[in-house]
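The next block holds one structure in the form of structure tokens; read it before the comments.
The values are calculated or read from the model by the stated rules, or taken from the named source; none is laboratory data. Please read these numbers as outputs of a predicted model, since none were measured by experiment. Don't worry about glycine lacking a Cβ; one is built from the backbone with ideal geometry, like all the others, and counts go over all protein chains shown.
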Amino acid sequence: MRENVKLNGVNFFYVELLKFMIFTVVASSLIYKFLWKNNSGLVHSVLELIGVLFGVSLFFIVWNKYKDSPLSCRVISFGILASTIIDILHIYYYEPLGIAFGDRNMTLKFWIVGSLIDITMIFVASFDYGDVKVKIKRELYLIITLAFAILLGYEIIGTNGIAHLFLNINFKELDGIRILHEFTIISLAILSLIRYRDKINEGGYISYKYLALALITMIPIELCFTRYKDFESPLVVYGHVLNVLYCYFLYKSIFQSSINYTYEQLNNATERLNEILDSIPIAIQTYDSNLRLDFANREFEKMFCYNRDELIGLDIKEIDKAFMESNEGKVSLEEEFSNYDDSKEIITAYKLKNGRDLKINMKIIKINNGFLLTIKDTGKEQEINNLHIQTKTVLNSMQSPAFICDNKLRILSVNKAFVDLTGLSDKKVSGMEISLLANFLNYTGKKVISTEKIEGTITNIYGVEKKIIFQASDILNIYGKSIGKVIVITDMTDFKDRQEQLLHKEKLALLGQMGAKIVHETRNFLTTIKGCSQLIEAIAKDDKVIQYAKRINCNTDEVNGIISNFLSLSKPKKAMLEEISFRDLLEAIKVTIETSYLFRGIRIDFNYKIDDRYILCDESQMKQVILNICKNAAEAMNEMKDAKLILEAGITEENNSVYIKVSDNGIGMDKETLNKIGTAFFTTKQGGTGLGLSVCYDIVRQHGGYIKVNSKKGIGTTFTINLPGLEEEELDQVI
């Protein structure tokens with residue numbers, strides 16, 4: 001196909017060249033035989049003026065289309081203007097015309113200079129400038145060109161000018177300078193032809209076919225003027241007729257392309273726009289400034305069962321008549337165009353070609369010199385809306401959190417259970433990629449969307465960690481191809497917590513039951529030891545004996561306390577819940593910590609400025625938890641020179657909970673230790689029982705809260721106790 005186009009272009013090129021060459025030979029012969037001998041001056045002027053006319057016309061075409069013209073086109077046109085001015089001087093100084101008197105060689109000098117300017121500008125324009133834009137105003141180009149041409153003409157006319165050194169030629173002799181000039185012109189013409197040869201079949205702002213014909217024509221022109229020695233030579237006539245042909249080709253290279261190319265571009269743009277509008281799945285009409293229908297797309301034809309050729313050209317009244325049997329409940333387009341409102345959507349009914357009424361939604365858009373109408377079938381739109389509502393209803397009816405995403409894993413919709421789980425609204429996550437959602441919720445687990453069940457954890461916007469299992473299922477279209485996924489999440493937090501609590505209680509109960517008998521017998525011995533120590537303390541007279549008896553008594557109490565804690569594992573003490581002021585609880589703890597010898601040498605900061613809030617708790621147990629954690633923090637900072645304990649408290653309004661943070665700058669813990677914190681009998685302290693934190697975790701869990709631990713080795717540890725606050729309704733019930 002491409003080779004055929006190229007071949008056709010070459011055929012056109014040679015046929016056009018041969019045709020005009022034959023015409024030139026015939027025209028030259030006739031002019032020489034009947035006109036030249038008696039009126040050579042006049043005929044010469046007429047032929048040259050025809051060339052001047054072509055040159056000026058070419059310049060004005062580019063001048064008027066300056067902004068749209070490529071750089072190469074500007075170079076040629078302004079070069080032609082300069083050479084045209086030189087040609088006018090060439091005509092003026094042509095001796096047989098008898099207007100100006102001077103050296104015969106003057107005419108030849110102007111001719112050679114004009115040709116040099118022409119071919120130089122054409123050669124310069126042959127280089128590929130791409131999309132280079134030279135931001136010079138056309139007026140400045142014109143001034144530069146005129147100044148150049150006038151100064152050059154002045155130099156040629158002047159006998160001692162610089163141009164005289166390069167144009168010292170003799171009309172009747174074929175000297176070296178003349179040969180050099182003609183050789184330069186012919187060489188540049190050939191070089192330009194070589195550069196343009198691959199562009200001959202190209203379209204664009206310049207027709208390279210005609211430009212190549214002009215360059216080919218220039219070669220015999222220069223050969224003719226190289227050989228003649230007087231004005232009566234037939235070569236002069238042939239050369240001037242060829243020059244007219246050269247100017248014609250040059251003019252055609254710009255004129256035909258600049259005019260035709262613009263219309264071709266316009267037609268191509270129109271066709272492309274029509275194709276785009278035809279591919280849009282919305283019915284579209286356009287009306288011109290006279291309110292006549294000038295376009296309707298294929299979707300319009302399908303929707304209204306009309307061939308668009310039947311309607312295009314009809315005015316608005318005829319369109320109204322075609323689509324409306326009566327105006328009852330229907331909207332007249334003529335009235336809507338008259339009362340144009342760009343924000344208004346029109347709901348009306350159109351009569352189809354088969355007589356059936358179709359309810360539609362129209363929107364009128366003002367465009368340049370007319371209007372554009374977009375038309376939607378409200379029935380189909382309603383079906384889509386109903387389907388969307390049904391999908392949303394089904395999604396919201398699911399008790400498990402779920403969301404739908406497309407093939408690019410962008411979230412399309414979420415249900416109410418998902419909003420409750422994460423705290424993120426449908427509007428906020430719509431369009432969000434799943435990977436971004438996972439990062440936002442601090443997801444930990446396998447980052448794979450699979451049909452298998454995958455476990456992980458997330459932290460919702462309230463800071464609550466949730467243990468989840470999720471599973472994906474493909475959404476298939478009618479062809480069985482996946483168009484998205486529905487992902488169902490199961491909140492396993494309560495189940496996992498209950499499971500852990502059950503295992504923990506079973507373990508503690510088992511340990512407690514195993515040790516209960518041993519503890520009972522040990523207590524009997526402790527009672528005997530304590531009784532004996534008290535008796536010794538009462539009857540002894542030696543101070544040292546009394547002191548040892550007291551120490552035995554204290555140690556017995558301490559052992560008894562440890563045994564009591566051990567027994568509490570098998571029979572946990574039930575919390576006595578009551579309404580407590582959170583602020584009062586904090587103040588009581590503050591006083592205890594400040595007066596306790598355990599915290600001496602430690603700088604303690606209390607950070608809480610909160611409104612009074614009530615919680616339901618066992619005050620003694622909660623104090624035990626906080627003091628136990630503070631005691632552990634103090635012991636973790638034994639070797640620190642600048643020991644610092646920070647107690648921070650606050651309220652989380654989003655889920656109506658309170659928190660107490662206990663932070664230290666002690667030795668910290670590694671990940672392995674963190675994972676075991678709260679396990680019975682696990683301890684990092686020498687001589688510790690590992691029961692303190694285990695009891696604390698149980699107490700907080702009984703209060704409906706949880707403990708979160710953050711720690712870094714060598715930096716410190718933060719324990720966060722979260723407890724639910726009382727709602728106003730619950731507070732009223734307690735009161």
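Observations
- A single member of VAL124, VAL134 is at pLDDT 85 or above and either in a loop (DSSP other than H, G, I, E, B) or more than 30 Å from ASN38 (Cβ to Cβ) (or both), and it is VAL124.
- VAL658 over 19 Å from LEU693 (Cα atoms) and buried (at least 21 other Cβ atoms within 10 Å of the Cβ): yes
- Elements of type strands (runs of 3 or more DSSP E) in the range 361-449, at least 2 residues being assigned by TED's automatic domain parsing to the domain that holds ILE468: 402-406, 411-414
- Set side by side, the residues LEU387, LEU437 differ, and just one is surrounded by fewer than 17 Cβ atoms within 10 Å (Cβ to Cβ), out of contact with any Lys or Arg (no Cβ under 7 Å at 6 or more places or on another chain) and of a type in the set (A, V, I, L, M), which is LEU387.
- Restricting the first member to the range 35-52 and to residues that are over 11 Å from HIS240 (Cα atoms), and the second to residues that are assigned to a helix (DSSP H, G or I), the beta-carbon pairs closer than 6 Å and six or more apart or on different chains are LEU35/VAL43; TRP36/VAL43; TRP36/VAL237; SER40/PRO96; GLY41/PRO96; GLY41/LEU97; VAL52/THR84; VAL52/ASP87.
- Residue that is modelled with the lowest pLDDT, among those in the range 86-101 that are surrounded by 21 or more Cβ atoms within 10 Å (Cβ to Cβ) and either of a type in the set (Val, Ile, Thr) or assigned to a loop (DSSP other than H, G, I, E, B) (or both): TYR94
- Scan of the range 390-416 for residues that are without any contact (Cβ under 8 Å) to a residue 60 or more places away in the chain, surrounded by 15 or more Cβ atoms within 10 Å (Cβ to Cβ) and among the small types (Gly, Ala, Ser), ordered by number: SER413
- Filter result for SER57 (touching a Phe, Trp or Tyr at 6+ places or on another chain (Cβ under 7 Å) and within 14 Å of TYR251 (Cα to Cα)): yes
- Scanning the range 57-82 for residues that are under 19 Å from PHE110 (Cβ atoms) and in contact with a Ser or Thr (Cβ under 6 Å, 6 or more places away or on another chain) yields PHE59, PHE78, LEU81, ALA82.
- Residue that is nearest to the chain's Cα centre (by Cα), among those in the range 363-388 that are at pLDDT below 80 and of a type in the set (A, V, I, L, M, F, W, C): ILE384
- Total residues in the range 53-67, condition under 48 Å from the mean Cα position of the chain (by Cα), part of a helix (DSSP H, G or I) and in contact (Cβ under 8 Å) with a residue 40 or more places away in the chain: 5
- First in the range 199-225 and outside the structural domain of ILE119 (by TED's automatic domain parsing) and buried (at least 23 other Cβ atoms within 10 Å of the Cβ), second anywhere and at pLDDT 85 or above and assigned to a loop (DSSP other than H, G, I, E, B), Cβ under 6 Å, 6 or more apart: none
- LEU266 satisfies every condition listed in (1) modelled with pLDDT under 80; (2) within 20 Å of ASP87 (Cα to Cα) except (2).
- Qualifying positions in the range 574-602 - modelled with pLDDT under 70 and crowded, with 16+ Cβ neighbours inside 10 Å: ALA575, PHE599
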